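**Student:** Before I ask anything, let me first share the structure, which is written out below as structure tokens.
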Amino acid sequence: MEVLTNVIERASSFVLSLELWDLLDILVIAYLVYRLLLLVRRTNTSRLLKGVLVVIIALWLSAGRLRALNFLLNYIVEWGVVALLVLFQPEIRRVLEQVGSSSLPFLQFFSKPRVDRQTIEQAISQTVSACGDMSKSRTGALIVFERHNQLDEMLRSGTKLDAEVSSELLKNIFFVKAPMHDGAVIVREGRVLGAGCMLPLSRNVNLSRDLGMRHRAGIGMSENSDAVVVLVSEETGSISVAVGGMLKRHLMTETLEQLLRNELLPQPEEDEGEKRTGLKALLGKEKKDGGKADE
């Protein structure tokens, strides 16, 4: 009881001594740890992190006792920081891009201006129409809708265009004998800016084996940016959408249109929660109807 009383007294005195800056400090550290855990989970780097922890523990245990081992571990740690920066360069860049594209008020000054709603609605309508026709003819397609994260690097790998999104244009680009049918189409602010673009492949080792290179590229693009990626399978004609590293397969055209509207159209801030809830309900309904999702 005495020990418990002492613990309670120390905890209460600690809480009472906290100031506003202390609370802010704790929240920042907690957020950074949370982002680090998310990064480890999404990038499958848990084994590498375990190895780093083993080195740190061995360095602590060898301090003052095993001098040669401690010297070697210190040398490894010094160069290991540089090695980790090189190894995690894509992940660090992705985290910084996510921070820059957040909805914090003081970051809105640097964000892109809002896009005309009618232009986006027209692009969605034409994309859904084209995907429906390509699904019936089993024509493979890969369409990337850019959002906050700029995809200039991907655009440089393909052929630059500047045209309105139309069903006929998309079907002509992805026609099996067309020169740009193997790459991806990138849409920015309701306009086709590039075709035949190369995308990064997903590094998720848990993906279904029946997914081809087109789907792996689409998932990889959604992992490395906040883009919405629409895919049409050349083998089965099924329509899929990749967002945030998640792939939703076997979509009907009506579901595709609703999903794109939820993700791409500007939404009032007060309706943001309703939009996300509606999207989850929509995907859940599609899954019950025979859809299949892969991470």
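The values are calculated or read from the model by the stated rules, or taken from the named source; none is laboratory data. Since we're looking at a predicted model, the values are computed, not measured. Cβ atoms come from the backbone with ideal geometry, glycine included; neighbour counts cover every protein chain shown. Calculation scope for accessible area: heavy atoms of the full protein, side chains included, ligands and nucleic acids excluded. Shrake-Rupley method; radii C 1.70, N 1.55, O 1.52, S 1.80 Å.
**Student:** Within the group Leu193, Leu207, which residue is among the hydrophobic types (A, V, I, L, M, F, W, C) and in a loop (DSSP other than H, G, I, E, B)?
**Tutor:** Leu207
**Student:** Let me ask something additional. Kindly indicate whether Leu264 is closer than 20 Å to Val128 by Cβ and modelled with pLDDT under 90.
**Tutor:** Numbers: closer than 20 Å to Val128 by Cβ: yes; modelled with pLDDT under 90: no.
Spelling it out, it is not the case that Leu264 is closer than 20 Å to Val128 by Cβ and modelled with pLDDT under 90.
**Student:** Okay, moving on. May I ask you to verify whether Ile219 is within 21 Å of Met134 (Cα to Cα), open to solvent by less than 10 Å² (accessible area, probe 1.4 Å), touching a Gly at 6+ places or on another chain (Cβ under 7 Å) and in a helix (DSSP H, G or I)?
**Tutor:** yes
Every residue, every condition in (1) open to solvent by 50 Å² or more (accessible area, probe 1.4 Å); (2) small (Gly, Ala, Ser); (3) in contact with a Leu (Cβ under 9 Å, 6 or more places away or on another chain); (4) at pLDDT 75 or above, yes or no:
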site: Arg35; (1), (2), (3), (4): yes, no, no, no
site: Val40; (1), (2), (3), (4): no, no, yes, no
site: Arg47; (1), (2), (3), (4): yes, no, no, no
site: Ser62; (1), (2), (3), (4): no, yes, yes, yes
site: Leu69; (1), (2), (3), (4): yes, no, yes, yes
site: Leu84; (1), (2), (3), (4): yes, no, yes, no
site: Arg94; (1), (2), (3), (4): no, no, yes, no
site: Phe110; (1), (2), (3), (4): yes, no, no, no
site: Ala123; (1), (2), (3), (4): no, yes, yes, yes
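**Student:** Same structure again: Is the range 149-159 home to any residue that is open to solvent by 30 Å² or more (accessible area, probe 1.4 Å), part of a loop (DSSP other than H, G, I, E, B) and at pLDDT 90 or above?
**Tutor:** yes
**Student:** Looking at (1) among the charged types (D, E, K, R); (2) on the phi > 0 side of the Ramachandran plot; (3) open to solvent by less than 80 Å² (accessible area, probe 1.4 Å), can you tell me which one Arg138 breaks?
**Tutor:** (3)
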